[in-house]
Amino acid sequence: MATAHHDHPTGLSRWLFTTNHKDIGTLYLWFAFIMFLVGGSMAMVIRAELFQPGLQFIEPDFFNQMTTMHALVMVFGAVMPAFVGLANWQIPLMIGAPDMALPRMNNWSFWLLPPAATLLMLSLVAPGGGPAGGWTMYPPLSSTPYAGMGMDFTILTVHMLGISSILGSINVIATILNMRAPGMTLMKMPMFVWTWLITAFLLLASIPVFAGAVTMLLTDRHFGTSFFDAAGGGDPVMFQHIFWFFGHPEVYILVLPAFGVFSEIIPTFARKPLFGYTSMVFATATIAFLSFIVWAHHMYTVGMPMAGELFFMYATMLIAVPTGVKVFNWLATMWRGAMTFETPMLYALAGVLLFTVGGVTGLMMSITPVDFQYHDTYFIVAHFHYTIFAGSILGLMAAYYYWVPKWTGHMYNETLGKLHFWLTIIAFNLTFFPQHFLGLAGMPRRIPDYGLQFVEFNQMSSIGAFILGAAQILWLYIIVTTIKGGKKATDKVWEGSNGLEWSVPSPAPYHTFETAPTVK
Amino acid sequence: MTTEPVKTPEQKRAIMITVVILAIIAVIGFISAFLKQWK
């Protein structure tokens with residue numbers, strides 16, 4: 001394959017009109033990082049308010065807006081776009097393709113995001129304020145008159161982000177299925193590509209359902225329907241079913257690409273091939289399938305028939321099996337490997353270990369009668385931060401340190417990278433581990449005030465959160481200095497690295513694999 | 001607009017078929033959310 005010429009526009013028009021997968025990947029990653037800081041700032045507001053019992057800084061309604069917006073921004077604005085950014089940068093490089101299959105659609109998928117994020121932020125200044133009923137948007141908390149215009153902004157934001165995600169997932173699937181280099185069969189693909197292929201199918205099957213749910217919410221609010229309005233014959237619990245039919249696959253959308261990142265990094269720094277590649281592929285597919293039949297474990301307390309509760313309990317427990325396969329495969333990959341502990345490896349190891357802590361508490365919550373105690377407490381908050389922060393965000397940090405030499409042509413400062421790692425890990429555990437105890441002791445989530453018995457653990461959690469937030473300023477410094485300069489990266493970058501992305505120069509040229517490589 | 005890779009006609013056709021199938025899946029997903037209401 002050949003391109004007509006190698007030059008490209010510069011300045012603003014380069015970024016506005018680009019169809020280059022590396023440019024679009026960079027745009028996604030910067031957008032995600034900005035949203036990560038915005039969502040993190042909201043977390044700082046939450047933790048500042050919770051530093052002491054009683055109301056300190058903000059009104060309860062604004063507190064609820066902060067918890068809701070923090071989740072929406074982090075899930076839809078930070079983690080999902082960050083992984084799409086990684087997909088854009090890495091998938092063509094890893095499968096030997098010159099670009100994504102649909103480059104112009106790729107541009108549109110990205111440029112839907114900034115207006116959507118702006119709309120979401122504007123909801124905070126809309127009459128009635130931003131959404132305050134939680135990211136789950138359960139009616140009647142999201143219905144009129146309880147939620148104002150900000151909820152409409154949020155619904156339209158979800159529509160735009162949903163369109164972006166659906167287009168992005170179609171692009172990823174079309175690229176992986178049709179653009180692989182000769183000789184790269186499906187079972188020779190790098191694990192990161194496999195996890196993204198499966199994630200894209202999860203997105204495609206779940207996001208449209210969510211779009212349908214919020215559309216019904218919109219028509220209930222403004223067009224006289226009663227899908228979720230009990231007074232009109234509707235069923236508010238049905239919204240919860242439809243939401244979680246999307247919402248549970250969504251948590252795997254957030255974490256499966258991180259599993260792919262771990263599966264790339266651990267073999268590189270253990271200097272051994274990935275143990276059990278085939279079982280890794282099938283375990284990922286099994287997790288994806290199971291994620292569609294466990295949704296009601298989020299709503300045991302609504303009052304389901306016993307048979308339903310038992311089905312969802314056992315199906316949820318079953319997910320531990322393929323997840324365990326993956327964890328044991330990573331351990332077996334490291335077994336007797338010639339391991340070194342550069343920053344990406346530290347992040348990958350911490351990600352696996354701490355995600356497993358979140359997995360174990362998830363298994364506790366899957367047990368129906370036990371979940372009646374945990375439901376809507378800080379135990380849940382602790383659990384999902386151990387999965388989403390430790391799984392997804394540590395995975396993203398690992399991916400950044402692993403691939404940034406290929407993106408910029410510069411090595412990051414290893415000392416600063418390790419400092420960022422230790423600050424993040426210590427602060428993360430200080431923030432979220434005490435929340436397990438708060439939850440078990442009965443502190444509910446999404447409240448700005450609490451009883452005196454919860455003071456110590458809340459103060460530990462808030463101090464941890466402030467350190468965690470400050471540590472990310474250090475990350476910004478590392479990102480900027482690595483772009484601007486640093487030790488020149490070699491093409492292979494890491495001694496143990498394998499794969500097509502390491503066969504191109506560092507930094508990766510604007511166009512790569514114009515002539516398809518042959519994979520043996 | 002930046003230059004885009006040239007695709008073979010076979011690749012273009014395969015990509016188009018993939019896109020159509022995936023778009024149909026997305027539309028079915030959207031409609032299914034409403035169908036759940038008509039039980």
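Just so you know, in the range A:132-162 the residues that are in a loop (DSSP other than H, G, I, E, B), touching a residue at least 40 places away in the same chain (Cβ under 8 Å) and among the hydroxyl-bearing types (Ser, Thr, Tyr) include one that is surrounded by the most Cβ atoms within 10 Å (Cβ to Cβ), and it is A:142.
Does the range A:385-407 contain any residue that is surrounded by fewer than 21 Cβ atoms within 10 Å (Cβ to Cβ) and of a type in the set (Gly, Ala, Ser)? No, that holds for no residue. Would you say residue A:262 is in a helix (DSSP H, G or I), more than 14 Å from every other protein chain (Cβ to nearest Cβ) and in contact (Cβ under 8 Å) with a residue 12 or more places away in the chain? Yes: the conditions hold for residue A:262. Is it the case that residue A:398 is at pLDDT 95 or above and under 30 Å from residue A:509 (Cβ atoms)? The answer is yes for residue A:398. Of the residues contained in the range A:242-253, none is found to be of a type outside the set (A, V, I, L, M), touching a Pro at 6+ places or on another chain (Cβ under 9 Å) and away from chain B (no Cβ under 13 Å). The selection criterion, being within 14 Å of chain B (Cβ to nearest Cβ), closer than 17 Å to residue A:214 by Cα and crowded, with 18+ Cβ neighbours inside 10 Å, holds for residue A:165.
Quick check on the range A:310-327. Is at least one of its residues among the hydrophobic types (A, V, I, L, M, F, W, C) and closer than 20 Å to residue A:186 by Cβ? Yes: one or more hits. For the range A:435-470, the candidate set comprises residues that are in contact with a helix residue (DSSP H, G or I) (Cβ under 6 Å, 6 or more places away or on another chain) and without any contact (Cβ under 8 Å) to a residue 40 or more places away in the chain; within that set, the residue that is farthest from residue A:373 (Cα to Cα) is A:464.
Applying a threshold of 6 Å to beta carbon distances and a minimum spacing of six or more residues, or different chains, the list of pairs starting in the range A:404-428 at a residue that is closer than 20 Å to residue A:30 by Cα and ending at one that is charged (D, E, K, R) and surrounded by fewer than 20 Cβ atoms within 10 Å (Cβ to Cβ) reads A:411/A:487. The residues of the range A:177-214 that are over 24 Å from the mean Cα position of the chain (by Cα), of a type outside the set (Lys, Arg) and either part of a helix (DSSP H, G or I) or more than 11 Å from chain B (Cβ to nearest Cβ) (or both), listed by number, are A:178, A:181, A:182, A:183, A:184, A:185, A:186, A:187.
Give the residues of the range A:92-131 that are assigned to a helix (DSSP H, G or I) and within 14 Å of chain B (Cβ to nearest Cβ), sorted by residue number.
In the first step, residues of the range A:92-131 are kept if they are assigned to a helix (DSSP H, G or I); the result is A:92-95, A:103-111, A:113-125.
Matches in the range A:92-131: A:92, A:93, A:95, A:103, A:104, A:105, A:106, A:107, A:108, A:109, A:110, A:111.
Restricting attention to the range A:221-233, the residues that are within 11 Å of chain B (Cβ to nearest Cβ) and either surrounded by fewer than 23 Cβ atoms within 10 Å (Cβ to Cβ) or on the phi > 0 side of the Ramachandran plot (or both) total 3.
The lone criterion from (1) crowded, with 20+ Cβ neighbours inside 10 Å; (2) over 21 Å from residue A:130 (Cα atoms) left unmet by residue A:10 is number (1).
Among all positions in the range A:492-501, there is at least one residue which is part of a helix (DSSP H, G or I) and out of contact with any strand residue (DSSP E or B) (no Cβ under 7 Å at 6 or more places or on another chain).
Of the residues screened, residue A:380 is not one that is under 30 Å from residue A:313 (Cβ atoms), without any contact (Cβ under 8 Å) to a residue 60 or more places away in the chain and touching a helix residue (DSSP H, G or I) at 6+ places or on another chain (Cβ under 7 Å). Taking the stated definitions as given, is residue A:274 surrounded by 19 or more Cβ atoms within 10 Å (Cβ to Cβ) and not in a helix (DSSP H, G or I)? In short, yes. Residue A:15 falls short on exactly one of the conditions (1) surrounded by fewer than 16 Cβ atoms within 10 Å (Cβ to Cβ); (2) of a type in the set (A, V, I, L, M, F, W, C); (3) modelled with pLDDT under 95, and that condition is (1). Of the residues screened, residue A:453 is one that is more than 23 Å from the chain's Cα centre (by Cα) and at pLDDT 95 or above.
Determine whether the range A:168-190 contains at least one residue that is over 30 Å from residue A:268 (Cβ atoms) and in contact (Cβ under 8 Å) with a residue 40 or more places away in the chain. Explain how you work it out, then say what you get.
Start the filter on the range A:168-190 by keeping residues that are over 30 Å from residue A:268 (Cβ atoms), which leaves A:170.
Applying the additional criterion that residues be in contact (Cβ under 8 Å) with a residue 40 or more places away in the chain yields A:170.
Yes.
Would you pick out the residues in the range A:89-104 that are surrounded by fewer than 17 Cβ atoms within 10 Å (Cβ to Cβ) and in contact with a helix residue (DSSP H, G or I) (Cβ under 8 Å, 6 or more places away or on another chain)?
Residues of the range A:89-104 that are surrounded by fewer than 17 Cβ atoms within 10 Å (Cβ to Cβ), as a first pass: A:104.
Passing the criteria: none in range.
I need the helices (runs of 4 or more DSSP H) fully contained in the range A:349-423, keeping only those with at least 1 residues that are of a type in the set (S, T, N, Q) and closer than 23 Å to residue A:493 by Cβ. Steps first, answer last, please.
Working: elements: A:368-374, A:378-387, A:394-408.
Correct list: A:394-408.
The values are calculated or read from the model by the stated rules, or taken from the named source; none is laboratory data. On a predicted model such as this, the values are computed, not experimentally measured, just so you know. Positions of Cβ are generated from backbone atoms using ideal geometry, with glycine treated the same way; all protein chains shown enter the neighbour counts.
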